[in-house]
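A.B. asks: Take this structure, written in structure tokens, and hold onto it; I'll ask about it next.
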Amino acid sequence: MTRLEHRHRVPIDSATTWLAPRNDVVIERAIETTNSTATFEAHVGPFHNWHREVVLTSDSDGHMIVDEIVDYRLAVPFWGVLFRPALRHHLRRAPRPGGHQPWWAPPEALDARAATVLSVLCVFAVISGYLGTLITQTLTYAADQFGAGTGEQGTLLAIVRVGVLLSLGIVAMADTHGRRRVLVTCLVGSCAITALGAASTGMIWLGTSQTFARALSTVVVILIAVVAAEEMPAGTRAFAVSVVTMTAALGAGMCVLNLLYVDSALGAWRIAYLVPLLAIYPCLRIARRLPETKRFESRRLRKATDNSARVTDRINWHRFAMLAIGAFLWSLFLAPAAQFLNEFLRTERGFSGILIAVFVLATNTPGGIGIVVGGKLADKHGRRIIGAIGIAGGVLFTVISYLSWGWPLWLASVAAAVIGAIAIPALAVYGPELFPTSQRGTANGGLQVVAVAGSSLGLLIVGWLADRVGGIGQAMAIVAIAPALLVLVVMFWFPETARRELEDLNPADRAHPAQ
């Protein structure tokens, strides 16, 4: 239990604001209130325990002395150390009429369960971010050892993505057996299979092991988004997606650190494939804190008592087609932009492994700002406009970076990361939002298949064009046509889902809403 004791000397006319309940990071309710004292407990908030006492006394020169004691136990495992300093600073301020969320907090207060679930998902996202980035960051060095060129690398990356067909069957099991069990099993399995890549004797072995490992890590990414959507309040879903996306980027950044040594010796890249083994035991322990989602449990109860449930809970194919087109167009550009970056920097701009690592970390890290800002803006102002702005700006500066040298390359890459990141939470939350609980995993698995088809085609196109139009940069400029079309699709076809309950978006779930 943490205790904060504050004393403030304030004018008499503002002293009574301290006797009001908070409505910001915590929504309080009064236990006892008088003209000079007040005691509160948490109605909603990311705390296992919350107790605040306020006492007002007058001094000799016409001011009031505010003595406040706050006892709390934060329900943010693993990440609480990052929030405690900001929370302490915020709690030194008086409650504001109407409430005021600090910049680092979600748009709406989370309860203890939601805060704990989001914290666990962020840990899993770090690991999935590492697993999902590994082949991208190391392929150019593995290919160098195995004597493979750019075309062969593009082919391998495309083949690895075919493994998403396996993920479709696995993620569908989450609609039957539960999100938690499938999520944890796939995360551990992906870590173990990834380690097999360290023993690769050629591109076929590496590609085969990564096909299965990436299939499982894809399931993890999908289910993290599904669990976040099902457990978070309506006004914080995009924010939650932005937070897990940012922590996934942290995992990707940890993977980038492997570039500090991969070109120190032939085959040094293999060490990076053994690192995920260190995450298996912590994953199993952390998973104990992750409950099954309320909406899945509610749906399972409904299915047991309502024979018509199977008939009413169907995928809306109009929505699926809309999101599938969007995912295809976005992946067609995004995948080659990410996958060929190291190859571009190494072969066309002459970067060393260490300089590539510095470049990726320096230009991508600011993208975390765009992710968090995008999540809050998407919850407050709507998904469509924020998504369209992020797509247009991110793609424009990505193309500029691929056509630049020197400091313009660095600046354009930073701009692409920050502006493009704004679109991520706005678009990523649509998949979990627009399908009923019983089909949410299956539908999002299908969307992932379409996205991977787009990314595979994009990799093949850019790999083929790069050898014929003068380089990777020119090829990226050509495939930028796809996200340009996506902006129109988002603005004129996508619905607005911000601040709406999942049961309102999916009428089939209304008959038995989440408890």
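A.B. asks: Could you check the simple spin-label distance between residue 27 and residue 41, using points 7 Å along Cα→Cβ, in nm with one decimal?
C.D. replies: Placing both labels 7 Å along Cα→Cβ, they lie 1.7 nm apart.
A.B. asks: What number, in percent, do you get for the relative contact order of the chain if the mean sequence gap of Cα pairs under 8 Å and at least 6 apart is divided by its residue count?
C.D. replies: Normalised by residue count, the contact order of the chain is 17 percent.
A.B. asks: Quick query: amide H of residue 43 versus all other amide H atoms, modeled in the peptide plane; which residues come in under 5 Å with a sequence gap of 5 or more or a different chain?
C.D. replies: 27, 28, 29
A.B. asks: Residues in the range 209-225 near a label at residue 280, defined as backbone nitrogen under 17 Å from the 7 Å Cα→Cβ point?
C.D. replies: 209-210, 212-214, 216-217
A.B. asks: Taking every pair of Cα atoms in the range 362-494, average 1/r, invert it to obtain the Kirkwood radius, and report Rg/Rh to two decimals.
C.D. replies: 1.01
A.B. asks: Now for a different question. Averaged over every viewing direction, what's the projected area of the C-alpha convex hull for the range 127-183? Give it in nm², one decimal, please. Could the numbers behind the result be given before it?
C.D. replies: Values: hull surface 18.7 nm².
Average of the hull's projected areas for the range 127-183 equals 4.7 nm².
A.B. asks: I would also like to ask the following. Run the helix sum for the chain: -39,500 (n - 2.57) per DSSP H stretch of 4+ residues, divided by residue count, reported at 222 nm to the nearest 500 deg cm²/dmol.
C.D. replies: Working: 22 runs with 320 residues, N = 515.
Calculated from helices alone, the mean residue ellipticity at 222 nm is -20000 deg cm²/dmol.
A.B. asks: Can you give the Rg to Rh ratio of the range 98-192, both from alpha-carbon atoms, with Rh computed by the Kirkwood formula?
C.D. replies: Computed over Cα atoms, the ratio is 1.14.
A.B. asks: I've got another one for you. Which peptide among 183-195, 427-439, 267-279 comes first, and what is the full order, when sorted by highest mean count of other Cβ atoms within 10 Å?
C.D. replies: 427-439, 183-195, 267-279
A.B. asks: Report, to one decimal in Å, the Kirkwood hydrodynamic radius for the chain based on all distinct Cα pairs. Spell out each step's value before the answer.
C.D. replies: Numbers: mean 1/r = 0.0411 Å⁻¹.
About 24.3 Å, per the Kirkwood formula over Cα pairs.
A.B. asks: At what distance in nm do the modelled label points of residue 460 and residue 405 sit from each other, each positioned 7 Å from its Cα along Cα→Cβ?
C.D. replies: 3.4 nm
A.B. asks: Based only on other Cβ atoms within 10 Å, what is the fewest-to-most ordering of 281, 72, 402?
C.D. replies: Exposure proxy ranking, most exposed first: 281, 72, 402.
A.B. asks: Using packing as a proxy for protection, rank 412-422, 354-364 so that the peptide with the highest average count of other Cβ atoms within 10 Å comes first.
C.D. replies: The most tightly packed comes first, giving 412-422, 354-364.
A.B. asks: Given the options 352, 418, 188, identify the residue whose Cα lies farthest towards the positive end of the charge dipole of the chain (+1 on Cβ of Lys, Arg; -1 on Cβ of Asp, Glu).
C.D. replies: Result: 188, furthest along the dipole toward the positive end.
A.B. asks: Can you give the translational diffusion coefficient of the range 264-385 in µm²/s, computed by Stokes-Einstein from the Kirkwood radius over Cα pairs at 4 °C and 1.567 mPa s?
C.D. replies: The estimated diffusion coefficient comes to 64 µm²/s.
A.B. asks: A further question follows. Given charges of +1 on the Cβ of Lys and Arg and -1 on the Cβ of Asp and Glu, with all other atoms neutral, how large is the dipole of the chain about its Cα centre, in debye to the nearest 20?
C.D. replies: The dipole of the chain has a size of about 720 debye.
A.B. asks: Could you give each residue of the range 179-184 its phi-based ³J(HN,Hα) in whole Hz, using Karplus coefficients 6.51, -1.76, 1.60 with θ = phi - 60°, and x for Gly or Pro?
C.D. replies: Values, residue by residue: 5, 4, 4, 5, 4, 5 Hz.
A.B. asks: Next up: Taking every Cα atom in the range 2-74, find the radius of gyration and the maximum pairwise distance Dmax, and write them in Å.
C.D. replies: 12.6, 40
A.B. asks: On to the next question. How long is the range 166-305 along each principal axis, judged by its Cα atoms, biggest number first, in Å?
C.D. replies: Computed over the range 166-305, the largest-to-smallest principal extents equal 60, 28, 24 Å.
A.B. asks: Over all pairs of distinct alpha carbons, what does the Kirkwood formula give as the hydrodynamic radius of the range 425-515, in Å?
C.D. replies: Taking every pair of different Cα atoms in the range 425-515, averaging 1/r and inverting gives 15.8 Å.
A.B. asks: With axes computed from alpha carbons, what is the tilt in degrees of helix 367-381 against the longest principal axis of the chain, rounded to the nearest 10 within 0 to 90?
C.D. replies: It works out to around 60 degrees.
A.B. asks: HN-Hα J couplings of the range 281-287 from phi, Karplus 6.51/-1.76/1.60, θ = phi - 60°, integer Hz, Gly and Pro as x?
C.D. replies: In residue order, the calculated couplings are 5, x, 4, 5, 6, 5, 4 Hz.
A.B. asks: Let me ask another. Can you give me the angle between helix 164-177 and the longest principal axis of the chain, using Cα atoms only, in degrees from 0 to 90, rounded to the nearest 10?
C.D. replies: 30 degrees
A.B. asks: How big is the C-alpha Rg of the range 1-138 next to the rule-of-thumb value 2.2 N^0.38 Å, as a ratio?
C.D. replies: 1.30
A.B. asks: Against the longest principal axis of the chain, how steep is helix 481-492, in degrees 0 to 90 to the nearest 10, with axes from Cα atoms?
C.D. replies: With both axes taken from Cα atoms, the answer is about 30 degrees.
A.B. asks: Please compute the contact order of the range 2-74 in relative form: average sequence separation of alpha-carbon pairs under 8 Å and at least six residues apart, divided by the residue count, as a percent.
C.D. replies: Computed value for the range 2-74: 38 percent relative contact order.
A.B. asks: Here is a follow-up. What order do you get for 209-222, 163-176, 24-37 when each peptide is scored by the mean count of other beta carbon atoms within 10 Å, highest first?
C.D. replies: Put in order of decreasing packing, that is 209-222, 163-176, 24-37.
A.B. asks: In the calculated pair distance distribution of the range 75-119, what percentage of Cα-Cα distances lie above 11 Å?
C.D. replies: 72 percent
A.B. asks: For the charge dipole of the range 2-74, defined by +1 on Lys and Arg C-beta atoms and -1 on Asp and Glu C-beta atoms about the Cα centroid, which residue among 62, 15, 30 has the Cα displaced farthest towards the positive pole?
C.D. replies: Highest projection toward the positive end goes to 30.
Taken together, the values in this text are just the output of simple stated rules run on the coordinates, not laboratory data. The structure presented is a predicted model; accordingly, all values stated were derived computationally and were not measured. Cβ sites come from the backbone with ideal geometry, for glycine too, and all protein chains shown count toward neighbours.
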